[in-house]
Amino acid sequence: MSDAPPSSFTRYPAGGEAFPHKDLTGISELAPWQILYLLDEAEQWVTLNRQATKHVDALAGLTIINAFFENSTRTLLSFEIAGKRLGADVVNMHAAQSSVKKGETLIDTAATLNAMQVDAIVIRHASSGAVRLIADKVDCPVLNAGDGRHEHPTQALLDALTIRQWMRARGEEEFNGLKVAICGDILHSRVARSNILLLSALGAEVRVCAPPALMPAAIEQMRVSPYTNFNEAIDGADVVMMLRLQNERMSGPFIPSAREYRHLYGLTTERLKRAAPHALVMHPGPMNRGVEIDSDVADSIERSAITRQVEMGVAIRMACLDVLTRRARGVPGWEPLKAEETA
């Protein structure tokens, strides 16, 4: 990924050169202008989703499988709505109902899905790298809906779209210099990783804050400023993004107690005063109210963008499904990739 922060007005190539990837498995694979391209493509779907009729036939006749090997509510529902609003046939596959429970390997599952001639697969998996493994074994586009502690690219994209719309409402266009504080369980968070990669690529100043036990080693190598003091981390921040404690990924006691964690790292109305007066509050969900964030902050009409993030999630996922299936649909300018481009 280029180190040069792009302008929000960056012009990208036309047609398939604007997004030359077969899959979307991580933000780390994207150039800054490719990120901006997906954000721009999502804008049309934001408009559509606010209309009375929320349906087009862009993906009519295509079949999309949402293969979720890990529990999800909002991400699965968001991808399902996105596919159906684009006119596709959407099939949800839950791991509890799949042959994986009977001992089938992930590669065998990939081969089975590929043999069904599906047009796109959305995958969530508890193991880092599992989505890339499947993407390499199937012919159709694969979208990463979260893999272990690795990445959650569409979450970072929807967060960026939320931030950009908020910036534009304030008469701003550039991510350059934007101060973003990502606070919470950084160690186990794929959302944090994808957001760090994306926001840094677009020129934002990213701070991360967590208790020492929940801060990844050598996090500075990701071009972020690490903090263990929450008050210092959000001082003057334009955006405060809170993360939940991912207890399901913890193999031991990482914090003394939820009560102690809230005392040191919970976002309260009083603490929020340390951020910039216009600061935006975000959370990818699900929230643990009264732990990492108080209800009066989460529900603030003036400051919270949490429900807006959910709205932007459908638009971003529509954009990703649309863009990644254009070659198969024969959209003019989106010729099939050459073998060396998919290697």
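The values are calculated or read from the model by the stated rules, or taken from the named source; none is laboratory data. Just so it is clear, the structure is predicted and the values come from calculations on it, not from any experiment. So basically every Cβ, Gly included, is an ideal-geometry build from the backbone, and we count neighbours across all protein chains shown.
Scoring residue 113 on the criteria (1) surrounded by 14 or more Cβ atoms within 10 Å (Cβ to Cβ); (2) at pLDDT 95 or above; (3) under 18 Å from residue 325 (Cβ atoms) leaves a single failure, condition (2). Checking each residue in the range 287-303 for being among the small types (Gly, Ala, Ser) and either in the same structural domain as residue 57 (by TED's automatic domain parsing) or part of a helix (DSSP H, G or I) (or both) picks out 295, 298. Selection over the range 171-192 of residues that are in contact (Cβ under 8 Å) with a residue 24 or more places away in the chain and either in a loop (DSSP other than H, G, I, E, B) or out of contact with any helix residue (DSSP H, G or I) (no Cβ under 7 Å at 6 or more places or on another chain) (or both) gives a count of 15.
Find all pairs meeting these conditions: Cβ atoms under 7 angstrom apart; at least six residues apart or on different chains; first residue within the range 310-338 and farther than 19 Å from residue 17 by Cα; second residue assigned to a loop (DSSP other than H, G, I, E, B). Note: pairs meeting the criteria are 318/86. Go through the residues of the range 271-278 one by one and say whether even a single one is surrounded by fewer than 17 Cβ atoms within 10 Å (Cβ to Cβ), more than 25 Å from residue 82 (Cβ to Cβ) and in contact (Cβ under 8 Å) with a residue 60 or more places away in the chain. Among the residues of the range 271-278, at least one is surrounded by fewer than 17 Cβ atoms within 10 Å (Cβ to Cβ), more than 25 Å from residue 82 (Cβ to Cβ) and in contact (Cβ under 8 Å) with a residue 60 or more places away in the chain, which makes the answer yes. Got at least one residue in the range 316-328 being assigned by TED's automatic domain parsing to the domain that holds residue 48, buried (at least 19 other Cβ atoms within 10 Å of the Cβ) and either modelled with pLDDT under 95 or more than 20 Å from residue 118 (Cβ to Cβ) (or both)? Within the range 316-328 (the criterion being assigned by TED's automatic domain parsing to the domain that holds residue 48, buried (at least 19 other Cβ atoms within 10 Å of the Cβ) and either modelled with pLDDT under 95 or more than 20 Å from residue 118 (Cβ to Cβ) (or both)), the answer is yes, since at least one residue qualifies.
For the range 62-79, a residue qualifies if it is polar (S, T, N, Q) and either over 15 Å from the mean Cα position of the chain (by Cα) or part of a loop (DSSP other than H, G, I, E, B) (or both), and the qualifying residues are 63, 66, 71, 72, 73.
The residues listed here are 215, 167, 242; of these, the one that is touching a residue at least 40 places away in the same chain (Cβ under 8 Å) and surrounded by 15 or more Cβ atoms within 10 Å (Cβ to Cβ) is 242.
Taking (1) touching a helix residue (DSSP H, G or I) at 6+ places or on another chain (Cβ under 9 Å); (2) buried (at least 22 other Cβ atoms within 10 Å of the Cβ) in turn, residue 237 satisfies each apart from (1). Would it be correct to say that residue 143 is surrounded by 23 or more Cβ atoms within 10 Å (Cβ to Cβ), farther than 30 Å from residue 230 by Cβ and among the hydrophobic types (A, V, I, L, M, F, W, C)? Yes; evaluated as a whole, the condition is true for this residue.
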